[in-house]
Amino acid sequence: MKHYTLEELNVYNTDKMSLTAKMECSTHLSNCSECNALLAQIKAHERLIAQLKKSWATLDSSHVDERWEQSYNQLSKILK
Amino acid sequence: MTFTTRASLISKICKGDEISWQDFYQTYRPLILLRGGDFFLSDDEKEELVQQVVIDIFKRTDAFKYDRKKGKFRSYLKTIVSHKAIDLKRMRKSNTVSVETDEFSIDDMPDTDVAILNKCWDEEWQMHLMVQGLEELKTQVKPITFQAFELYALKDQAVEDVAKFLDISPNAVFVAKSRCVERLQKIIRDLEE
């Protein structure tokens, strides 16, 4: 049995496969535990990436604004 | 979205390395501000909270070394931030004319509120670990691997564009994503310990 590659399953997962190819892949997946396991891993990775993006958007520590500087300067005076 | 190259501060803390207040401020300010929101602090109070936490931890010196005998840094920080946040709420109460003049502490809060606050902190800490883990990841994989991961997975660039830009195959982009996520999972597990 020919297995699908990481690249092919990523394309399948992002819904960018042609309809025919997608149907063939779905049929294969219904009978192949190996490809199913790889697809499950890809989906799990996508979930973690989504959490990562949310975390970065919430806790981006590279943003420096007026409040950041004001607070930093006050601490500089105290913590010498 | 930009990533720095400095090693994660939490990993330095775990190793017992000395950390500077500047690094601490840069790294933990967003987390402390977020935590201030859990206590419904105003923007000014959240800034005050950051200041008080940094001063408390650094005790008027410019470096700090965490003593692991005190337990997990995560719990240590949570306790300090929570107490300072409650102090600020108390100060707010004493500065306003109110019939509710009783002082309160985290021990007086209903169990459900404490449970919600703890759950919020767990989620916030998890997000903090992810951001820290990402910085650590950058130091552990080849630059091109991280770049492929960053452009494709985090910045949502088309795989074909990333492959062309980095002069690698689309499959290599997917492999980079897979490797980075697996490494990141390991880094986060290590940071949790």
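The values are calculated or read from the model by the stated rules, or taken from the named source; none is laboratory data. No experiment lies behind these values; they were computed from the predicted model shown. Heads up, the Cβs are rebuilt from the backbone with ideal geometry, glycines too, and the neighbour counts pull from every protein chain shown.
Looking only at the range A:8-34, which residues are in a helix (DSSP H, G or I) and under 21 Å from B:Ala153 (Cβ atoms)? Write out each step before concluding.
Step one: of the range A:8-34, the residues in a helix (DSSP H, G or I) are A:8-13, A:19-29, A:33-34.
Of everything in the range A:8-34, those that are in a helix (DSSP H, G or I) and under 21 Å from B:Ala153 (Cβ atoms) turn out to be A:Glu8, A:Leu9, A:Asn10, A:Val11, A:Tyr12, A:Asn13.
Please go through (1) at the interface with another protein chain (Cβ under 10 Å from one of its Cβ atoms); (2) over 22 Å from the mean Cα position of the chain (by Cα); (3) of a type outside the set (Ser, Thr, Tyr) for A:Ala21 and return the number of the only condition it doesn't satisfy.
(1)
Quick one: in the range B:7-32, of everything that is hydrophobic (A, V, I, L, M, F, W, C) and within 8 Å of chain A (Cβ to nearest Cβ), which residue is surrounded by the fewest Cβ atoms within 10 Å (Cβ to Cβ)? Outline the logic, then answer.
Pass one, the range B:7-32, residues hydrophobic (A, V, I, L, M, F, W, C): B:7, B:9-10, B:13-14, B:19, B:21, B:24, B:31-32.
Subset that is within 8 Å of chain A (Cβ to nearest Cβ): B:21, B:31.
On the way: B:Trp21: 21, B:Leu31: 23.
Among residues in the range B:7-32 that are hydrophobic (A, V, I, L, M, F, W, C) and within 8 Å of chain A (Cβ to nearest Cβ), the one surrounded by the fewest Cβ atoms within 10 Å (Cβ to Cβ) is B:Trp21.
Just one of B:Leu41, B:Leu49 is in a helix (DSSP H, G or I) and aliphatic (A, V, I, L, M); which is it? Steps first, please.
Numbers: B:Leu41 fails: in a helix (DSSP H, G or I).
Of B:Leu41, B:Leu49, the one residue that is in a helix (DSSP H, G or I) and aliphatic (A, V, I, L, M) is B:Leu49.
Would you mind finding the one in A:Leu75, A:Leu48, A:Leu39, A:Leu52 that is farther than 20 Å from B:Cys180 by Cα, of a type outside the set (Gly, Ala, Ser) and either in contact with a helix residue (DSSP H, G or I) (Cβ under 7 Å, 6 or more places away or on another chain) or facing chain B (nearest Cβ under 8 Å) (or both)? Please lay out each step first, then the result.
Working: A:Leu48 fails: farther than 20 Å from B:Cys180 by Cα; A:Leu39 fails: farther than 20 Å from B:Cys180 by Cα; A:Leu52 fails: farther than 20 Å from B:Cys180 by Cα.
Only one candidate qualifies: A:Leu75.
Between residues in the range B:120-148 that are within 12 Å of chain A (Cβ to nearest Cβ) and residues that are outside any helix (DSSP H, G or I) and of a type in the set (Val, Ile, Thr), which pairs lie under 8 Å by C-beta distance while being six or more apart or on different chains?
Sorted first by the residue in the range B:120-148, then by its partner, the pairs are B:Glu135/B:Thr4; B:Glu135/B:Thr5.
Could you check A:Tyr72 against (1) surrounded by fewer than 17 Cβ atoms within 10 Å (Cβ to Cβ); (2) part of a helix (DSSP H, G or I); (3) modelled with pLDDT under 95 and say which number it fails?
It is condition (1) that A:Tyr72 fails.
Could we say that A:His45 is within 22 Å of the chain's Cα centre (by Cα), at pLDDT 90 or above and part of a helix (DSSP H, G or I) here? Write out each step before concluding.
Details: within 22 Å of the chain's Cα centre (by Cα): yes; at pLDDT 90 or above: yes; part of a helix (DSSP H, G or I): yes.
It is true that A:His45 is within 22 Å of the chain's Cα centre (by Cα), at pLDDT 90 or above and part of a helix (DSSP H, G or I).
Quick check: is even one residue across the range B:60-82 among the hydrophobic types (A, V, I, L, M, F, W, C), part of a helix (DSSP H, G or I), modelled with pLDDT of 90 or more and farther than 20 Å from B:Ile188 by Cβ?
In the first step, residues of the range B:60-82 are kept if they are among the hydrophobic types (A, V, I, L, M, F, W, C); the result is B:63-64, B:73, B:77, B:80-81.
Filter once more, so that each one left must be part of a helix (DSSP H, G or I): B:73, B:77, B:80-81.
Those left that are additionally modelled with pLDDT of 90 or more: B:77, B:80-81.
If we keep only those that are farther than 20 Å from B:Ile188 by Cβ too, we end up with B:80-81.
Yes - at least one qualifying residue is present in the range B:60-82.
For the range B:33-57, enumerate the residues that are surrounded by fewer than 16 Cβ atoms within 10 Å (Cβ to Cβ) and closer than 17 Å to B:Ser75 by Cα.
B:Asp56, the sole residue that qualifies.
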